[in-house]
Amino acid sequence: MVIELRAAVADDVEGIARLWHRGWHDGHAGSVPDALVAVRTPESFPPRVTGRLPRTTVAADGAALAGFIVVAGDEVEQVYVAAAYRGTGVAATLLSEAERQVATAGHGTAWLAVAPGNARARRFYERQGWSDDGEFDFRAEVGESVLLVPVRRYVRPAPAHRPDQGGSRMVG
């Protein structure tokens, strides 16, 4: 398996949306308000992907989408890995790339939000050196309004950035 990290393109939107929808429901079931679950339909994800496309990096295994990240400033906004690629190192590679992007943007600390009941994700972040920084209310988009969702904030110092890092990379 050789994984390529690259910037997402328009042709990736549907694949990212499918992966995000499956992963979101897998990681959030029973951990977020029913009102949020009700609006996270398969049809709701493509527009959310399109709006984030310039900040999205995908992990591709040939034509297969292994996972993706979305980075917005100092926030690692999304980290998702296809079920078939869990346990292969893809998640750690994507998270490392997200940390690099945060550092490249000049931020000293990266942060992300995780549902309190998503024990698998919380264990993963902790193994990767992230620390639970406490609870806060995440402002989840629900149509034209916002729903406050209690989550855990995880933080990690961003790595020192070297100018020669970045761009498309092969991992494997």
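Things to note:
- Of all residues in segment 48-59, none are surrounded by 13 or more Cβ atoms within 10 Å (Cβ to Cβ), free of Cβ contacts under 8 Å to residues at least 24 places away in the same chain, assigned to a strand (DSSP E or B) and not aromatic (Phe, Trp, Tyr).
- Filtered residue count, segment 24-33, keeping only those that are within 16 Å of Arg86 (Cα to Cα) and touching a residue at least 60 places away in the same chain (Cβ under 8 Å): 1
- Identity of the residue in segment 1-47, more than 17 Å from the chain's Cα centre (by Cα), at pLDDT 95 or above and acidic (Asp, Glu), that ends up surrounded by the fewest Cβ atoms within 10 Å (Cβ to Cβ): Asp11
- Checking Gly89, Gly67 one by one, the residue that is out of contact with any Leu (no Cβ under 8 Å at 6 or more places or on another chain) and of a type outside the set (A, V, I, L, M, F, W, C) is Gly89 and no other.
- Check on Leu112, among the aliphatic types (A, V, I, L, M), under 26 Å from Ala35 (Cβ atoms) and either surrounded by fewer than 12 Cβ atoms within 10 Å (Cβ to Cβ) or without any contact (Cβ under 8 Å) to a residue 60 or more places away in the chain (or both): yes
- Of all residue pairs spaced 6 or more apart or on separate chains, those with beta-carbon atoms under 7 Å, a first member in segment 132-152 that is on the phi < 0 side of the Ramachandran plot and a second member that is assigned to a loop (DSSP other than H, G, I, E, B) and surrounded by 12 or more Cβ atoms within 10 Å (Cβ to Cβ) are Leu147/Pro33; Val149/Val32; Val149/Pro33; Pro150/Pro116; Val151/Ala115; Val151/Pro116; Arg152/Pro116.
- Gly73 meets each of the listed conditions (1) at pLDDT 95 or above; (2) at negative phi apart from (2).
- Segment 60-75, residues that are of a type in the set (Gly, Ala, Ser) and either part of a strand (DSSP E or B) or buried (at least 19 other Cβ atoms within 10 Å of the Cβ) (or both): Ala60, Ala64, Ala66, Gly67, Ala72
- Near pairs, Cβ below 6 angstrom, 6+ apart or cross-chain, from segment 7-22 (acidic (Asp, Glu)) to any residue that is modelled with pLDDT of 95 or more: Asp12/Val58
- Test for Ser168: is it over 24 Å from Val37 (Cα atoms), modelled with pLDDT of 95 or more and of a type in the set (Ser, Thr, Tyr): no
- Among the residues of segment 76-85, those that are over 8 Å from the mean Cα position of the chain (by Cα) and surrounded by 18 or more Cβ atoms within 10 Å (Cβ to Cβ) comprise Val81, Ala82, Tyr85.
The values are calculated or read from the model by the stated rules, or taken from the named source; none is laboratory data. The shown structure was predicted, so the numbers you read here are calculated from the model rather than taken from an experiment. In this analysis, Cβ positions are derived from the backbone assuming ideal geometry, glycine residues included, and neighbour counts consider all displayed protein chains.
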